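**Student:** Have a look at the structure that comes next, please.
Since every read-out is calculated from the coordinates, none of them should be taken as a lab result. Nothing here was measured: the structure is a model prediction, and the numbers come from that model. Cβ: placed from backbone, ideal geometry, glycine included. Neighbour counts: every protein chain shown.
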Amino acid sequence: MTSRPSALISIHNLTIAFPDETGERFTPVVKDVSLTVGRHEILGLVGESGSGKTQTALAILALTRPPGRVVGGSVLVDGEDVVGMDEAELRRVRGKKAAMIFQSPRTSLNPLMTIGDQIGRVYQRHRGLGKSAARTASLAMLRRVGIAGPERVAASYPHQLSGGMAQRVMIGMMVACGPELLIADEPTTGLDVTIQAQIFDLIQEVQAETGMSVLLITHDLGVVAETCHRVAVMQAGRVVEIAPVAELFARPRHPYTIRLLGALLRPDQPFDLTRETMQVSPETVLEIEGRHYRAVSVDSWAAKGVSTPELVEVGPEHVVLCHVTEVGAPIVAGAST
Amino acid sequence: MSLGRYLLRRLAWSVVTLFGVIVTVFVVTRVLPGDPVLVKAGAYATPEIREAISKQLGLDKPFLVQLITYVGDVLRGDLGESIRSGHPVREDLSNRLPATIELALAALFFAGTSGIPLGIWAAVRRGSWIDGVVHQVAIVGAATPLFWFGLVLIYLFYHLWHIAPAPVGRLATELQPPRDLTGLYTVDALVTGNWTVLRDALAHLALPTFALGFVVMSPFIKMSRSAMLNVLESDYVLAARSLGLSDREIVRQDALKNALVSLLTVTGIVLGYLLAGNVLVETIFSWPGIGYYAWNAITGSDYDAINGFVLVVAIIYVVLNVVIDVAYTLIDPRIRLG
Amino acid sequence: MAATAGDVNRPISPGSLPAPTYEPIVPGERSTPGRLGWWRRVRRTRASAIVGFCALGLILFLAVAGPWISRYDPIKPDPFNITASPSGAHWMGTDQYGRDVFARVVDAARLDLMVAVAITAIALTIGAVVGGLTGYFGGIVDDVVMRVVDILLSFPAFVLAIGITAMLGNETKFVVIAVAIAYTPYFVRLVRSEMLSLREAEYAAAAKCVGNRRLRILGYHLLPNALPPALVQATLTLGWGILDTAGLSFLGVGIRPPTAEWGVLVSDGTQYINSGQWWISVFPGIAILIAVLGFNLVGEWVRDAVARR
């Protein structure tokens, strides 16, 4: 028996592409993405819509929707590469090693099946319980996730639940599987602010109780600041920065991250950003000199023999996507599409 | 709203529709240009006969009175008299209805059991060559003229290869029909254990069923494929897969039940095709149903019979659609519980 | 420590950056506009659509150029050549009057195409106008019209057409009217439902603000956008029109012999099928199949093209 790898999830150079309607041209939506999720940690994955966050997460469970496919890289779940696994093996991974909750919980539930039946079958499948034992367990789980009147809810159908309740049900189904990683893809979109807070509290509770890791996908930096240990920032299909939460908020390096944080309007910034630099677009090239950010003209940038960008370590556990020049000093560049 | 109120509203609406159907047929028969007197009396009738017939048809009365009389007649079951047979049209049609039902059910069964699995298969293997072939079968089926296809089948299977019996009805002429329980020869023969008749009835049923079924298969294929695709690409199937449920479990538990709802829609459409197509198929195979009766009525200018046929077909169609609506409410809790 | 304005160069605007140095991960074709472009587009079209266009092309060609290709008169009987099987002289054989079947099929192509076009044009026009108006104005008129439409849709279209032609008579124009009446409700529903969703669209409100009269909004802004689904349906209806017309004529309630119409031709040969003279019925049927198949395939292509817009 080999020892368990330290990182629960290890993604290396993952590229996912979708063909256009003729099937000839592929457009990559996830480009050369590498990141890891450690055991017992909460990793936040932030970025705008279309940045590839969801696709990256789906790849962990090998759920990339055809006709899209993984065209490069590997995704190691507890040491095993799920890329290229067949269905039978994948069924071992899904639910048991990693499970996912989605953006719109009500459409993630079968509209023609009662809630009780849906949670019940998870218990039957993953815990091997019989029908009545599964029913008892489902009721207990509904109570556990904070749903009042579990008998009534177990007899209802998804369209009769509120968004918040449906998401609790989804979390319950997840916990019933007992996975080592919970992937939460924008779990509170469309929910009331107070309900949002409750859902995140619930996730943190479950995480503390079971010790599972969480990959939290969101575009809400405030939530990240409060709940996550580390953060990865994605833009246009690439990972542009990964850092522990405090480090990212204190010393963001990538122009895109800076712009994201700039929107938070924090008054006590450790560096001074003039109004102009705040207008920085992702494609702007900046050169780091001390703590001032200088824009570099295209000619001098090109003249330095710029190569394809890589994730370069710029601090403790802190990597940024940069062009590395011959000179040796990293130039922080935006990822253009 | 509750189930009861929904059903009540639906039934009320279908009553209105039925009434509208009767009025429409009346409009078609009386208001359109064409001289019903000439038709009934013949070209050589004298003015006196014409006047007598005109009075008999009630054509001298005002429009509204004629309409009310007609509606009253229909509600009492009086659809006029057939010129050729001399019997009331209602009697003629009800005698022949079982034959049509037998053929329609057989075709429905054939089309459903072939079309639905094909559509589902194509959906599960989306984008593969199977998908392409199934798609083409559906398209060709929809483009095939039914009457021609029946003739081709007769030529191949009866004339050329001598596999099928002569297309002259439901049974070989020397055999007696089984005891009349449902009017469906196959069912009656099966129930009474009359194996010779059963075999012969099935042999006669085969070709017309295939002809009608092949053309009608197309909507089954298309709809079951798209319903299955919708389900397979839905959020809840994705969520179920992410929980590690197997494809077969998902198809069985999630997909099929949801696809069933769409299948009901198809059945409604297909019924329309069947009710229309039966005229053509029965004519070619001399199948003694209401469609064949209609064709004979057409060639014999038997207008009461033709209109009676149109009316009865529409009524059947409305009733069946109501049944389908009720079935919807039973399957889909979103409708049932509001 | 604030950076002085002079220290920082102007940010480079996105447009002036050089193209990315990243290679496409999976090599794809680059599009070549210009002369070769149209051939690329043909290659990209689905095979089924190409088959559809070829089928329609064939039928159109026969309809237009047929009389010059076939060497026989479709109406004149030839008593010395009855029910001759297909040969070099008669490509599709002759019927029971000695008439060349190919000439008849080609003659019928014209009639069937014209009838299908007439039916579709009538149903589409009336349907679009009625559907557009009731969809836009709504109210009681809309309710009444939709009830009438529902009632008409309670009849299977073919059966309704039988009822109407039986009453009207056996002339071509009556067949066109009957089938058009049967099809119109579908178009009314289609255009109306498009109109209902477009009515709320922003640009209608915007046009109103600018001061356009309602009819103008309807005609210039809304209707052109409500039409595409109806146009897709129209290509399919062309095919159905042929099927139903041929069916009606086959039953004897539509177009009558000796006029050459595909359904009439099939019925001409019915009693000869069992004596082995299959060509009289089979070839006209194949013509129907090709024509309707063509319209169906092209209709699918149109639907995909509209959806892509």
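**Student:** How big is the dipole moment of chain B about its Cα centre under a simple scheme where the beta carbon of each Lys and Arg is +1, that of each Asp and Glu is -1, and everything else is neutral? Debye, nearest 20, please.
**Tutor:** Rounded to the nearest 20 debye, it is 860 debye.
**Student:** Mind listing the long-range amide H neighbours of A:Leu181? Cut-off is under 5 Å, sequence gap 5 or more, other chains count too, H placed in the peptide plane at 1.01 Å from N.
**Tutor:** For A:Leu181, whose amide H was placed from the backbone, the distant partners under 5 Å are A:Ala98, A:Ala99, A:Ser213.
**Student:** Still on this structure: Using θ = phi - 60° and the Karplus form 6.51 cos²θ - 1.76 cosθ + 1.60, what ³J(HN,Hα) does each residue of segment A:143-159 get, whole Hz, x for Gly and Pro?
**Tutor:** 5, 4, 8, x, 9, 7, x, x, 5, 5, 5, 4, 8, 8, 10, x, 6
**Student:** If you fit an axis through the alpha-carbon atoms of helix B:256-285 and take the longest principal axis of the Cα set of chain B, what angle between them do you get, 0 to 90°, nearest 10?
**Tutor:** Helix B:256-285 sits at roughly 40 degrees to that axis.
**Student:** Running a GNM on chain B with Cα contacts under 10 Å, which residue among B:Ala99, B:Ala52, B:Ala142 ends up with the highest mean-square fluctuation?
**Tutor:** B:Ala52
**Student:** Continuing with this model, one more query. Rank B:Val326, B:Val279, B:Val216 by mean-square fluctuation in a GNM of chain B with C-alpha springs under 10 angstrom and give only the top-ranked residue.
**Tutor:** Maximum among the listed residues: B:Val326.
**Student:** Picking from B:Ile221, B:Ile269, B:Ile250, which is most flexible by a Gaussian network model of chain B using Cα springs under 10 Å?
**Tutor:** The residue with the greatest mean-square fluctuation here is B:Ile250.
**Student:** Now for a different question. Arranged from highest to lowest average of other beta-carbon atoms within 10 Å per residue, in what order do the peptides B:230-236, A:108-114, A:94-100 appear?
**Tutor:** A:94-100, A:108-114, B:230-236
**Student:** Taking θ as phi - 60°, what are the ³J(HN,Hα) couplings along segment A:97-103 by the Karplus curve (6.51, -1.76, 1.60), each to the nearest whole Hz, with x for Gly and Pro?
**Tutor:** 8, 9, 9, 10, 10, 10, 5
**Student:** In peptide B:230-241, what is the residue-averaged number of other protein chain Cβ atoms found within 10 Å of each Cβ?
**Tutor:** Per residue, the average neighbour count from other chains is 6.
**Student:** So who's got an amide H within less than 5 Å of the one on A:Val231, skipping anything under 5 residues away but keeping other chains? H placed 1.01 Å off N, in plane.
**Tutor:** A:Gly44, A:Ala243, A:Val245
**Student:** Could you give me the ³J(HN,Hα) list for segment A:234-245, computed from phi with Karplus coefficients 6.51, -1.76, 1.60 and θ = phi - 60°, whole Hz, x at Gly and Pro?
**Tutor:** My calculation for segment A:234-245 gives 10, 8, 6, x, 10, 7, 9, 7, 9, 7, x, 4 Hz in order.
**Student:** Between segment C:115-154 and segment A:96-125, what is the C-alpha centre distance in whole Å?
**Tutor:** That distance is 45 Å.
**Student:** Separation of segment B:125-190 and segment C:48-99 by C-alpha centroid, Å?
**Tutor:** Using only Cα atoms to place each centre, the spacing works out to 29 Å.
**Student:** Shifting gears a bit: Residue by residue through C:144-157, how many Cβ atoms from other chains fall within 10 Å of the Cβ on average?
**Tutor:** Across the residues of C:144-157, the mean count of other-chain Cβ atoms within 10 Å is 5.
**Student:** Run the simple label-point estimate for B:Asp235 and A:His229 please: 7 Å along Cα→C-beta, distance reported in nm.
**Tutor:** 3.0 nm
**Student:** Right, here's the next one. Per DSSP helix of 4 or more residues, -39500 (n - 2.57); summed, then divided by the residues of chain B. What does that give at 222 nm, rounded to the nearest 500?
**Tutor:** -24000 deg cm²/dmol
**Student:** When a footprinting reagent is the concern and you count Cβ atoms within 10 Å, what order do C:Phe155, C:Phe53, B:Phe149 take, fewest first?
**Tutor:** Arranged by neighbour count, lowest to highest, C:Phe155, C:Phe53, B:Phe149 become C:Phe53, B:Phe149, C:Phe155.
**Student:** Continuing with the same structure: What whole number of Å gives the distance from the Cα centroid of segment B:83-121 to the Cα centroid of segment A:140-168?
**Tutor:** Their Cα centres are 48 Å away from one another.
**Student:** Based on the Cβ-Cβ distance of B:Ala327 and C:Cys54, what FRET efficiency does E = 1/(1 + (r/R0)^6) give at R0 = 60 Å, to the nearest 0.05?
**Tutor:** Computed FRET efficiency for B:Ala327 and C:Cys54: 0.90.
**Student:** Here is a follow-up. Could you list A:Val46, C:Val64, C:Val175 in order of exposure, starting from the residue whose Cβ has the fewest other Cβ atoms within 10 Å?
**Tutor:** In order of increasing Cβ crowding within 10 Å: C:Val64, A:Val46, C:Val175.
**Student:** If you put +1 on each Lys and Arg Cβ and -1 on each Asp and Glu Cβ, how big is the dipole of segment B:76-217 around its Cα centre, in Debye rounded to 20?
**Tutor:** 340 debye
**Student:** Continuing with this model, one more query. Mind giving me the FRET efficiency for C:Ile286 and C:Lys173? R0 is 30 Å, r the Cβ-Cβ distance, nearest 0.05 is fine.
**Tutor:** According to the calculation, E is roughly 0.65.
**Student:** Within 10 Å of each Cβ in B:275-285, how many Cβ atoms from other chains are there, averaged over the peptide?
**Tutor:** 4
**Student:** What is the local net charge at B:Trp121, summed over the other residues whose Cβ is closer than 9 Å to its Cβ (Lys, Arg +1; Asp, Glu -1)?
**Tutor:** +1
**Student:** How much FRET efficiency would the formula 1/(1 + (r/R0)^6) give for B:Ile163 and B:Val191, where r is the Cβ-Cβ distance and R0 is 22 Å, rounded to 0.05?
**Tutor:** The computed FRET efficiency comes out at 0.20.
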